[in-house]
Every structure is written in structure tokens, then in C-alpha cells.
Amino acid sequence: MGKLRIGHFVEAGLWLALAAILYIYSFEFEQSIEIYKYGATAWPRTIILLIVIAAVGQLLYHWERGDEATSGTIGAATDDGSHNAAIESGHSSFRWYLSTFTLLIIPFAYMRLPEWAMQAFGFDEGGLPTAKLICAVVLIVLYIFMTRRNHVGGMLALPVFFAALLEDMGFYATAPFFVIGVMLLMGERRPQWMILIGALIMGIMLFLFVSLLYVGLPTGNIHPFYDFGNWVVKLLQ
Amino acid sequence: MQSFSNFLDGTIALFSDPLGILIFLGGVIGGMLFGAIPGVSMLTLAAILLPFTAHLSAEHGIMLFSVIYCTGVYGGAITAILFNIPGAPENAPTAFDGYPMTQKGLAGKAVGAAVMCSALGGTISAVIMMAATAPIADWAISAFGPPEIFALVFFGLTVAASVGAKTLWKGWLSILAGLMIAVVGLDPVGGIERYDFNMPYLLAGIHFIPTILGFFAVSEIFVQAEKKVTGVYKAPKLSVDFPSLAELIAHKFAVIRSIVIGFFCGILPGIGATLAAFMGYNEAVRWSKQRDEFGKGKLEGVISSETANNAATGAAMIPLLALGLPGGALTAMMVGVFQMHDMEPGPLVFLNSPELVWVVFAAMFFANLSILLIGFLETKTIINLLRIPFQFLAPLILLLATVGAYAVRGLVIDVVVMFVAGVVGFFLRRSGYSVAGIVLGLILGKIGEQTFAQAMQMLHFEWSGFIGRPIALSLLIAGILTILGSIYGAFFKRSHTEMPEHQG
């Protein structure tokens, strides 16, 4: 087995799986181009082949050397401490990965679940906003429950969740909660500071982008978030 | 002499335009601050600003980025010396000797040397850049066709892959992942849809702005969240104390050596300021008669590292402006600025908009000089600003990134792509991959495939056609030699270039 760990197999497996999926999908656009002999697939397939070679090479390298870097100078120059932080914080166990990936699925669940539920139960289109609201509340509760035991996973999932809610709930209603959430996950616990700095950050953002630069941020499309967003925009412009 | 009068014109154009002055000063101070604050780097600032450069003129956008580059490379030296926390990777070797100097009570002298050598290295590099770029661009216009540009991209990617990541293979996988992202969308010859997975969003390709924001601004925050950096330091007393002329002359060989090393690291694609600093420091140790004193507070260590990293900045602009080839993450973002203004960087920029080039050159020259002034006046203020706890900085950066990603096309999906890229970037970084390599692959992938197709059509699909084109051929051979060399290094030779033990 040399110096191989399970993580190394997972790493190589992910690359090879990616290469396989991309190769299979490349048949979807296998068309010849009249003026170009190699067609649309030659370039991506060459890259896929090289990915396979490099993934296998990486596995062999791990087998011989473990986690050692290629050379002292280059290894030191590329090390930003993220690897050590991962080891020291104990965030490399299987349980940690499982909980983190579950957290990361939550935002995508929000993007898909309401539509599926509507279709499955045969409700009409008009009920979609209500389904989305219920789904959001359930997922937020689930998110908070899971984050309490996994702050880093929560930190990774929070921005994606925020982005997923942005389309429906709008920037103006969600951003304050997002700001407070990030502060909490980064270890801030003093409520007066969180409110003060949170208000300051929101103030800067709204003044700079809405009042000054007229950037149209998403207002959301579900009542009452939509009305709230428009009210804020009207107030500021 | 022509260059000198162009430089004067550029200087006048820069300082006669109030908005230009404002952007210049903003870039100088912003670059220095983001360079200095641990957990964010000049790349974070550049990524956040990238979408908004659409509102600036191309001239101002490129100028802002080049100024951030110069001062950002210096900014991290202050925290490296005072707290042993390099603000950015470029300054990591500065801490090896800088921090022991602080412990000995010589912090003022170390910061003074860093200020002076950064300014010196950067300014000399800027002067060589001004003299060399135009002739290289002139030559490139006549000598470079699609086969040469493809060969150059190939060579650039091989160098970037060999040095970018923790291992050779991870370097290649990073580059290849970037190349693969660039494939999504319409193919450059026949307009055939590739990897759209029936989603209209993917038809236009994955936009580089959310990707860059995710990889550089967002993943940086995630890494810090794991490290739980609180950002509160006890600031030691500090007065900036410039080294005397005699001390500088005593280290003249170290300065000259680091300028040469830094310049060559900058001009080669993929190496850039970080490796320049490490190699500058390494060579200083190797050449020294008192090797044992390194790491215990030797002034030469600070001088070598800080001169080299700033010397890389001017050099990195030469391939970008003369050949259109970005060598690192920041210059790749500059390509993004060009593209947002419907321009392609490369030799034609010199023909079509010479005023842009010379304003940028003048700005880089004065940005390096201003390190001297601001380093002297503002270092204490910077130290106080560093007390802003990171948990307050993080939400601000994430919201700025959100607005930036959204503002490009008004699509919420771009925000989702950005944060997903941030998560992916976080996992790739902690496994030793290079996010800079991915972005370089993404930017160069499109250029590479397009020029490859054009070259093949031009050479009637005969690979032997490359033999008749000496420049393209030698670049291809250089690329292949780079690959063979790095494979040899990875497999057959145990590395002997270990860093001194104190590196930790």
C-alpha cells in the first residue's frame, strides 16, 4: 500500500469519475466541422486524457511519497496554511465530510424541492410561493441544527444558501441575516457589536451601490419580500 | 529617449486627471492594506474590484490593477516582520529574518529595509519594463502568428503547472481543471454547444468573474474560518528607521542578485512574486558565508526577499502587454479587465492605445516610489487598522463579492456559481491544488484552443508545419523540456533544496 490513505483513493476516484462523466457527455456534441478536421471534441477529449494521466500519476506519487511536497522551495511558496489548518482542526474525519456535504446539499434542496413537491402532489402553480416559504423555513431550521456541531461546514454552506434564497427573497431582506450569520460562525458573540457592525456594513453597501451607483440588486419575487425590497429601493433612490 | 518622452507624457496624463489621481491613490492604499491584513491578499481586493472596472475606462481599470499589484506585494511585509504573520504569501520569507529582528528590538530597521528594498526593486523593475516592453511588442507583431501564440500558451502552462501547486501532478490537474471549465459553452470554430447539460445558463460558458471571485475572495474567507484568525495583535512599538546608505551598499550584491532573480521569476509565466521572494531568500542563504545567521534576524534575509518580490511586478507586465500572455493570477485578472472593455491584451495594444500603456507604466513607477513615502508616513496607521477583527471584515467582503458577481449580468445564478466556486476552491486549496493554476487555465484555455485551431488551419493540419516556424518550434520544445525536467525532478531526484529549519 505504500503511503496511501483512503483520502488519496477518494481524490483519484473523484478525478477519474469526473473524466468519465465528461467523456461520456462529449458524445452529445460529437459533430464534424467542415472547416476544421478535429471537430469540437478533440480539444476537450485531449484534456480529459491528460486529466486521467495526471490523476493516476498523482496516485502513484502519493503511493511513493505520501503527502510530501515536490520540492522545498515550491512547496513552501505554495503553502498557504490551509492544509495544516485542516489537519489541526480535526476536519478530515469521515463524519466531518459527511456532515459538511449534507449541509452543502441544503441550498440545492431549496432550489429543487418546492417544484418537485408541487408536481408530486399535483398542486397548481399559484401555491408555489407558499411551498417555497415552507421549504425555506424547514431547511433553515435543519441548517441551524446541523451547523451547531459543524461551524466550518456551516460557513461553507451559508453563502450558497444565501445565494439560493436571493432570487425569491431578495437581497434587502436576507443580507442582514447573512451578515449576522457570518459573524456568529466566525466566533463573534457580543450582540451589541454584531448589531452595530452589521448596521454599518449594510449602510455602506446600500449607500454605495443603491444610492450612489444605482446597481439594481435582486428584490425577490415572493410577497412580502418583494414589497419590502422595493420599499427599500424607493427609500434610498 | 523615445521611451523617456513617452514616460513623461504618461506621467502628465496620469496626474492631470483628477479621477486618475483618485484611483491611483485608492490603489496604492488599498493594495497596501489588503496586502497587510492577514487572511486577505491583494488578489482578494482585485477580485472584488474586477466586476466594477466595467464602469471605469480601460486605462483606469488596468492602471488600478497594476498599482494594487505593486503596493500589495509590499504590504504584507509589515505584518510578517512585526507579528510573524505574512499578510500575503509573497512576504512569507520576509518573516524568516524579519520577525527575529523584531524580537531583538530591531523592528524599525527591518521595516525600513523592507520599505526601501521594495521601492528599489519595484522601481528598477518598472524602468526595465518600460525600456523592454515596446521593442518586444514591436517584434511580436511581425513574428507572432497563431502557431507562435499557441506555442507560447503551451509553454506558459507547462511552467505554471510545474511550479504552481504542492506536487507536479496537482499543478497539472489544477491547470487542466481550468482548461476544462473554459471548454463549457460554444466551441470557437464551429459554434457547437459543449457541456451545456441542457441549461441555457451554461451556453454562454461559465463566466470568469464569478469564478475568480469564488476562488480568490470567497475561498480565502473559508480558509480563515477554519483557521479562526481573530486578527487582534499586540502591536509592538515601532518607529521606521531606514538603513543607512553604508548598510545598503554593504548589501549591494544581495540587492542586485534579488533584482535579477525577481525579474526573471516575474517574466516567466506562472512563477510570479511568491516564488521570487522564496528564491531570492534561498539564494541569499546559499551564497552567504554566514549561513548560520539566517533565520536569527539577519538584515540580508529581509532585503533579499523584499527586493525580489517587488522586482517581479514590473517583469510580469512584459509578457502580458507585449504578448498577451498572463503569467499569474493578478495578470490573468487584468486580461479580464481588458476583455470587459472588448480589448485583447497583446502587441496590438501598443499600436491602438499607446496612451493606455504609458499611463499604466507611469502609474507602476510612481506606485513603487510611493511605497517609500507611504511606508514612512503610514506604517503606524496600517498597524492600527489591522486591529479590525476578521469576523467583521468577512461579511463585508462576502457581500461585496455578492454584489460584484450579480452586477456583471444581473443573474442570481452567477452568485450561486461564485459561492460554489468558493467551496470548491476551499477543498482544492486544503488538498494542495493551486487556484491560481485553475484561473490561468481558464483564461488561457480559450486563447489556446482558438489559436490552436487557427494554427492548424493555417498549417493545413500538418504538424510538421511547426518545424518551419522556428519561434513556435523552440517554444514547444521549451515546453516539452519543462515537462520532462519536472517529471525528472519529481520521480528521480529527492529534493535537496530544503528550506532552513526555522521555516515551520
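The values are calculated or read from the model by the stated rules, or taken from the named source; none is laboratory data. This structure is a prediction, so every number in the text was calculated from the model and none was measured. Every residue, glycine as well, gets a Cβ built from its backbone with ideal geometry; the counts of neighbours run over all protein chains shown.
The single residue among B:Leu49, B:Leu33 that is of a type outside the set (D, E, K, R) and modelled with pLDDT of 90 or more turns out to be B:Leu49.
Farther than 30 Å from B:Tyr74 by Cβ and modelled with pLDDT under 90, is that true of B:Gly185? Against the criterion (farther than 30 Å from B:Tyr74 by Cβ and modelled with pLDDT under 90), B:Gly185 qualifies. Kindly provide the set of residues from segment B:403-435 that are part of a helix (DSSP H, G or I), at the interface with chain A (Cβ under 7 Å from one of its Cβ atoms) and of a type outside the set (Phe, Trp, Tyr), ordered by number. The answer is B:Val403, B:Ala407, B:Val412, B:Val415, B:Val416, B:Val420, B:Gly422, B:Val423, B:Arg429, B:Arg430. Among the residues of segment A:169-180, those that are more than 9 Å from chain B (Cβ to nearest Cβ) and in a helix (DSSP H, G or I) comprise A:Met169, A:Tyr172, A:Ala173, A:Thr174, A:Pro176, A:Phe177.
Hey, does segment A:109-119 have a residue that's facing another protein chain (nearest Cβ under 10 Å), surrounded by 15 or more Cβ atoms within 10 Å (Cβ to Cβ) and within 22 Å of B:Ile221 (Cβ to Cβ)? If you could, list the steps in order and put the result at the bottom.
In the first step, residues of segment A:109-119 are kept if they are facing another protein chain (nearest Cβ under 10 Å); the result is A:111.
Filter once more, so that each one left must be surrounded by 15 or more Cβ atoms within 10 Å (Cβ to Cβ): A:111.
Within this subset, residues satisfying the condition of being within 22 Å of B:Ile221 (Cβ to Cβ) are none.
Checking segment A:109-119: not a single residue is facing another protein chain (nearest Cβ under 10 Å), surrounded by 15 or more Cβ atoms within 10 Å (Cβ to Cβ) and within 22 Å of B:Ile221 (Cβ to Cβ).
Is there a residue in segment A:133-148 that is buried (at least 17 other Cβ atoms within 10 Å of the Cβ) and within 14 Å of another protein chain (Cβ to nearest Cβ)? Looking through segment A:133-148, at least one residue is buried (at least 17 other Cβ atoms within 10 Å of the Cβ) and within 14 Å of another protein chain (Cβ to nearest Cβ).
The single condition among (1) under 27 Å from A:Glu11 (Cα atoms); (2) more than 10 Å from chain A (Cβ to nearest Cβ); (3) aliphatic (A, V, I, L, M) that B:Ile447 does not meet is (1). Name the residues in segment B:133-152 that are of a type in the set (A, V, I, L, M) and at pLDDT below 90, would you? The answer is B:Ala134, B:Ile136, B:Ala137, B:Ala140, B:Ile141, B:Ala143, B:Ile149, B:Leu152.
Residues checked against (1) more than 14 Å from every other protein chain (Cβ to nearest Cβ); (2) in contact with a Gly (Cβ under 7 Å, 6 or more places away or on another chain); (3) buried (at least 21 other Cβ atoms within 10 Å of the Cβ); (4) not β-branched (Val, Ile, Thr):
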{"site": "B:Lys252", "(1), (2), (3), (4)": "yes, no, no, yes"}
{"site": "B:Ile256", "(1), (2), (3), (4)": "yes, no, no, no"}
{"site": "B:Pro269", "(1), (2), (3), (4)": "yes, yes, yes, yes"}
{"site": "B:Arg286", "(1), (2), (3), (4)": "no, no, no, yes"}
{"site": "B:Ser304", "(1), (2), (3), (4)": "no, yes, yes, yes"}
{"site": "B:Ala308", "(1), (2), (3), (4)": "no, yes, yes, yes"}
{"site": "B:Leu330", "(1), (2), (3), (4)": "yes, no, yes, yes"}
{"site": "B:Met333", "(1), (2), (3), (4)": "yes, no, yes, yes"}
{"site": "B:Val359", "(1), (2), (3), (4)": "yes, yes, yes, no"}
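Could you check segment A:195-237 and list, in sequence order, the residues that are more than 23 Å from B:Gly410 (Cβ to Cβ) and either facing another protein chain (nearest Cβ under 9 Å) or among the acidic types (Asp, Glu) (or both)? Correct list: A:Ile197, A:Gly198, A:Leu200. The set of residues in segment B:194-211 that are modelled with pLDDT of 80 or more, within 16 Å of B:Met180 (Cβ to Cβ) and surrounded by 15 or more Cβ atoms within 10 Å (Cβ to Cβ) comprises B:Arg194, B:Tyr195, B:Asp196, B:Leu202, B:Ile206, B:His207, B:Phe208, B:Thr211. If we keep just the residues of segment B:32-59 that are in contact with an Asp or Glu (Cβ under 9 Å, 6 or more places away or on another chain) and not in a helix (DSSP H, G or I), which is farthest from A:Val215 (Cα to Cα)? Once the filter is applied, the top-ranked residue is B:Gly39.
Quick test for you: out of B:Ile29, B:Ile62, pick the one residue that is part of a helix (DSSP H, G or I) and buried (at least 24 other Cβ atoms within 10 Å of the Cβ). Reasoning before the result, please.
Working: B:Ile29 fails: buried (at least 24 other Cβ atoms within 10 Å of the Cβ).
Being part of a helix (DSSP H, G or I) and buried (at least 24 other Cβ atoms within 10 Å of the Cβ) holds for just one of B:Ile29, B:Ile62, which is B:Ile62.
Being modelled with pLDDT under 90, part of a helix (DSSP H, G or I) and surrounded by fewer than 18 Cβ atoms within 10 Å (Cβ to Cβ) is true for just one of B:Ser464, B:Ser495. Which residue is that? Steps first, please.
Working: B:Ser495 fails: part of a helix (DSSP H, G or I).
Going through B:Ser464, B:Ser495 in turn, just one is modelled with pLDDT under 90, part of a helix (DSSP H, G or I) and surrounded by fewer than 18 Cβ atoms within 10 Å (Cβ to Cβ): B:Ser464.
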